[in-house]
Amino acid sequence: RDVGRVAINGTRTIPISNSTYGATATIRSVVSDGTGYWATTSTTGAGSGLAYINSTGTVTTLNALNGRCVGIYNGQLFASNATSVQSFGSGLPTSGTLTATNIATVSNADAFSFSPNHDVLYVADESAFNATATSSGGIRKFTRAAGTSTWTFQYTLNSGTASTTPARGLVVDWSGVA
């Protein structure tokens, strides 16, 4: 399995190649801080889960997460799985067995994005949208009161008036937000 990098000028490189990580699972998501890489796979077990991959391709499994997406926000590592968005360890951990801390519970979490000031979270929920359910698909919004660690569900956006189409990906334009 390879991790590729595309520079802003379109130059492509493959800085990491590893034959064991993801060999029995699909690598679903990778994020980098410019030096190392954190990745998630579709199953748990040997050669899978949430892992750190250093610049030489050495893999350190951090958590047996069956992950969807991984991200770095405000210097903290986050990942989504089938039921939530979670933070892992403190900062950008590269070793150890990490405990997950639930940030937001979602029926079928996938892509997510935090606001620059880390008080708003949007999560793509792959469940079919149901306007009468509080935990159904679409784009779900959560907010956090300043100085607290508690995230509160606000509402769900769906893809149309009578649509039951779920959401898998999302892009948030945070320009103009403090």
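Couple of notes before you dig in:
- Just one of the listed residues (Phe78, Phe88) is modelled with pLDDT of 90 or more, within 19 Å of Arg168 (Cα to Cα) and in contact with a strand residue (DSSP E or B) (Cβ under 8 Å, 6 or more places away or on another chain), and it is Phe78.
- Residue in region 17-32 that is modelled with pLDDT of 75 or more, open to solvent by less than 40 Å² (accessible area, probe 1.4 Å) and under 21 Å from Gly96 (Cα atoms) present: yes
- Looking only at region 40-85, and only at residues there that are of a type in the set (Gly, Ala, Ser) and in a strand (DSSP E or B), the one that is nearest to Phe114 (Cα to Cα): Gly71
- Residue list for region 139-178, restricted to those being outside any loop (DSSP other than H, G, I, E, B), open to solvent by 80 Å² or more (accessible area, probe 1.4 Å) and at pLDDT 90 or above: Gln154
- Residue ID - modelled with the lowest pLDDT, chosen from residues in region 91-100 that are of a type in the set (A, V, I, L, M, F, W, C) and assigned to a loop (DSSP other than H, G, I, E, B): Leu98
- The single condition among (1) out of contact with any strand residue (DSSP E or B) (no Cβ under 7 Å at 6 or more places or on another chain); (2) surrounded by 15 or more Cβ atoms within 10 Å (Cβ to Cβ) that Leu62 does not meet is (1).
- Residues in region 74-87 include at least one that is among the β-branched types (Val, Ile, Thr) and crowded, with 16+ Cβ neighbours inside 10 Å.
- In region 101-112, the residues that are buried (at least 19 other Cβ atoms within 10 Å of the Cβ) and modelled with pLDDT of 90 or more: Ile103, Ala104, Ala111, Phe112
The values are calculated or read from the model by the stated rules, or taken from the named source; none is laboratory data. Everything numeric in this text was worked out from a predicted model, so none of it was measured. We place every Cβ from the backbone using ideal geometry, glycine too, and count neighbours over all the protein chains shown. Each accessible area value is taken on the protein alone, full model and side chains, heavy atoms only, with ligands, DNA and RNA left out. Shrake-Rupley method; radii C 1.70, N 1.55, O 1.52, S 1.80 Å.
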